[in-house]
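**Student:** Quick one: the structure is below, and I'll ask about it shortly.
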Amino acid sequence: MDYIVFDLEWNQCPDGKEREVPALPFEIIEIGAVALDEDYREIDSFLTYVKPRFNEIIEPRYEEMTGISTAMVKDAPGFEVAFEQFFRWCIDLDKEYEIITWSSNDELQIRHEMKQKKYQMSNEVKQFMNGWKDFQKIMGEMLGLERVLSLEKAIELMGLDFQGRQHDALNDARNTAEIYAVVFDDKRDKEALNRVKEALHPKTEGASLGELFDFSQFVQS
């Protein structure tokens with residue numbers, strides 16, 4: 001089993017709710033992904049900017065956050081074409097894989113844009129969209145957390161260095177992939193998970209690492 005880890009960045013419509021598309025207050029402006037082999041090693045990557053339709057101006061807050069300017073998306077493909085490129089990149093890997101995101105927001109945003117932009121899903125795309133894993137939720141359940149961890153906080157608690165600029169879709173995908181490998185690769189040193197355990201003071205006092213992290217329910221098929 002191989003793995004595709006992806007991330008999105010987006011822009012927000014300006015000037016409050018009255019100028020937003022009610023069902024689509026945000027639009028995707030970047031898609032980044034990495035493909036991992038069965039040993040959790042990166043074997044390929046994907047990156048594209050996406051030109052927003054309803055607000056072509058990247059708002060200052062999001063330009064500062066992502067480093068993506070209006071000029072950078074001016075000639076980028078629109079959502080429909082960009083998503084097709086991403087989908088075809090996944091298919092062209094010609095492997096059985098699982099798709100992983102740091103949170104469910106990325107999948108929800110894609111589905112919202114498909115609906116609002118009247119993207120016609122083929123049966124192949126419908127199948128592709130099924131069964132994506134929300135790794136943020138999985139990790140929260142493993143840790144018994146009431147609140148979700150941000151990607152940056154998870155990296156920090158593990159004592160790892162965030163690779164590259166934050167809020168860059170490809171960098172965020174790579175950092176998510178790194179955490180995923182630490183959690184699921186039996187060959188990796190689990191000291192990073194011990195750090196998370198100690199930092200969050202789990203409710204089960206004195207539990208061993210194996211008891212705290214029940215990997216059995218997350219066994220990869």
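**Student:** Here is a list: Glu84, Glu56, Glu124. Which entry is over 20 Å from the mean Cα position of the chain (by Cα), assigned to a helix (DSSP H, G or I), loosely packed, with under 15 Cβ neighbours inside 10 Å and free of Cβ contacts under 8 Å to residues at least 60 places away in the same chain?
**Tutor:** Within the list Glu84, Glu56, Glu124, the selection yields Glu124.
**Student:** Among the numbered criteria (1) closer than 19 Å to Asn11 by Cα; (2) open to solvent by 30 Å² or more (accessible area, probe 1.4 Å); (3) modelled with pLDDT under 95, which one does Asp161 miss?
**Tutor:** (1)
**Student:** Okay, next question. Given Val34, Val50, which one is more than 15 Å from the chain's Cα centre (by Cα) and open to solvent by less than 10 Å² (accessible area, probe 1.4 Å)?
**Tutor:** Val50
**Student:** Quick one: which residue in Ser122, Ser104 is under 30 Å from Asn55 (Cα atoms), modelled with pLDDT of 90 or more and in contact with a helix residue (DSSP H, G or I) (Cβ under 8 Å, 6 or more places away or on another chain)?
**Tutor:** On the way: Ser122 fails: in contact with a helix residue (DSSP H, G or I) (Cβ under 8 Å, 6 or more places away or on another chain).
One residue alone meets the criteria, Ser104.
**Student:** Follow-up. Considering (1) under 14 Å from the mean Cα position of the chain (by Cα); (2) open to solvent by less than 50 Å² (accessible area, probe 1.4 Å), say which one Gln166 fails and leave the rest.
**Tutor:** Single failed check for Gln166: (2).
**Student:** Quick one: is Lys74 over 23 Å from Gln120 (Cα atoms) and surrounded by fewer than 14 Cβ atoms within 10 Å (Cβ to Cβ)?
**Tutor:** Judged against the criteria, Lys74 is a match.
**Student:** Tell me which of these Asp44 doesn't satisfy, since it passes every other one: (1) open to solvent by less than 70 Å² (accessible area, probe 1.4 Å); (2) farther than 15 Å from Asn171 by Cα.
**Tutor:** Answer for Asp44: the failing condition is (2).
The values are calculated or read from the model by the stated rules, or taken from the named source; none is laboratory data. Given the structure is predicted, the values throughout are model-derived calculations rather than measurements. A quick note on method: Cβ atoms are made from the backbone with ideal geometry, for glycine too, and the neighbour counts reach across all protein chains shown. SASA here: full protein model, heavy atoms, side chains in, ligands and nucleic acids out. Shrake-Rupley method; radii C 1.70, N 1.55, O 1.52, S 1.80 Å.
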